Ligand code: HEC
Ligand code: HEC
């Protein structure tokens, strides 16, 4: 009797017969005889692989995937320029209640020890006088400043908490960006320098340095430095004061100064200040009692 023809079905039968012991018909021994050993092994491997794939597919179908966290939609506070919130998958992480941990959400926008500001839009807060930072936080909470993500963050925080946070950021020492090159025409640069050092009696503008300190690094506890600020930021602050979008505790001396300046003065001041070199000592100076205009933000802290 000639050996039977070698078909895939026959190989399969032989494999099942020899490895698994399945026997469906009496001629199994004949099948086995006709199949060469290498075909038997190859067939065995193929059958085993198909079996594994089927088992895995069934398991994945019935058991929910556990390696993907549920997608948490960031809250409705999707505000322009707010960074995307990536949900973390940790569940029971014990976070030590230190100031550094509490400040972590702030550094997403305001920068941390490794970067100054993450998005180039949020102002630097590290190293600004504590009283100044505190005043700004209170202003967001109490409706004088309106940038929504900030208002949302500080809404329910107490004065003590805001004071602690302000002191934390005030003592951080981060490097400052290098000054921008001065691109102003000589006349505009001279006008800016005159406003900073002498003011303009004709417009009733006091010299900036009378309040911001002789070295322009600010004055304790509530007046910030004018050195180390980007040009666009200074321009935007003046715009906000002039339009009333940014307010401080009345009498709001800085809003008053901003309104007394001509628009071209503001442009010149922003460029000139941004080009000033960073000082070796960027610490604010001690407060002088006789400010040329009353500043509610300064007296509010003395109360
Ligand atoms: C979504 C980004 C974002 C987060 C998070 C954030 N800030 Fe702000 N913050 C800003 C922006 C933008 C401004 C400027 C808004 C404006 O001009 O009114 C600002 C302004 C401030 C100011 C005023 C600075 C100045 O010189 O005028 C302070 C102080 C401040 N933030 C502190 C904090 C603290 C503390 C936290 C954490 C509790 C925090 N911020 C979290 C974006 C953010
Ligand atoms: C009468 C005092 C006084 C004078 C004069 C004054 N400033 Fe100010 N300035 C302040 C105070 C106070 C603040 C903080 C404002 C607040 O708390 O709302 C401030 C804040 C600022 C800021 C914000 C800095 C930051 O980090 O956000 C800029 C910019 C500024 N002043 C520029 C100037 C310039 C330029 C001049 C001169 C033309 C000037 N100031 C004159 C009192 C003064």
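The values are calculated or read from the model by the stated rules, or taken from the named source; none is laboratory data. Remember, it's a predicted structure, so these values are computed and weren't measured experimentally. Cβ: placed from backbone, ideal geometry, glycine included. Neighbour counts: every protein chain shown.
Observations, loosely collected:
- Selection within region 171-192 - modelled with pLDDT of 95 or more and within 15 Å of ligand 2 (Cβ to nearest atom): 184, 188, 189, 190, 191, 192
- In region 177-211, the residues that are more than 17 Å from residue 271 (Cα to Cα) and either within 16 Å of ligand 1 (Cβ to nearest atom) or not assigned by TED's automatic domain parsing to the domain that holds residue 281 (or both): 211
- Residue count for region 283-296, restricted to those that are surrounded by 15 or more Cβ atoms within 10 Å (Cβ to Cβ) and touching a strand residue (DSSP E or B) at 6+ places or on another chain (Cβ under 8 Å): 4
Let's see how each residue does on (1) surrounded by 13 or more Cβ atoms within 10 Å (Cβ to Cβ); (2) in a loop (DSSP other than H, G, I, E, B):
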residue	(1), (2)
251	yes, yes
254	yes, no
257	yes, no
264	no, no
281	no, yes
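- Residue tally, condition under 18 Å from residue 192 (Cα atoms), modelled with pLDDT of 95 or more and touching a helix residue (DSSP H, G or I) at 6+ places or on another chain (Cβ under 6 Å), over region 219-233: 1
For (1) within 24 Å of residue 280 (Cα to Cα); (2) near ligand 1 (Cβ under 8 Å from one of its atoms), each residue gets a yes or a no:
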position	(1), (2)
124	yes, yes
130	yes, no
136	no, yes
142	no, no
150	no, yes
155	no, no
158	no, no
163	no, no
170	yes, no
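- Of the residues making up region 187-194, not a single one is in a loop (DSSP other than H, G, I, E, B) and in contact (Cβ under 8 Å) with a residue 24 or more places away in the chain.
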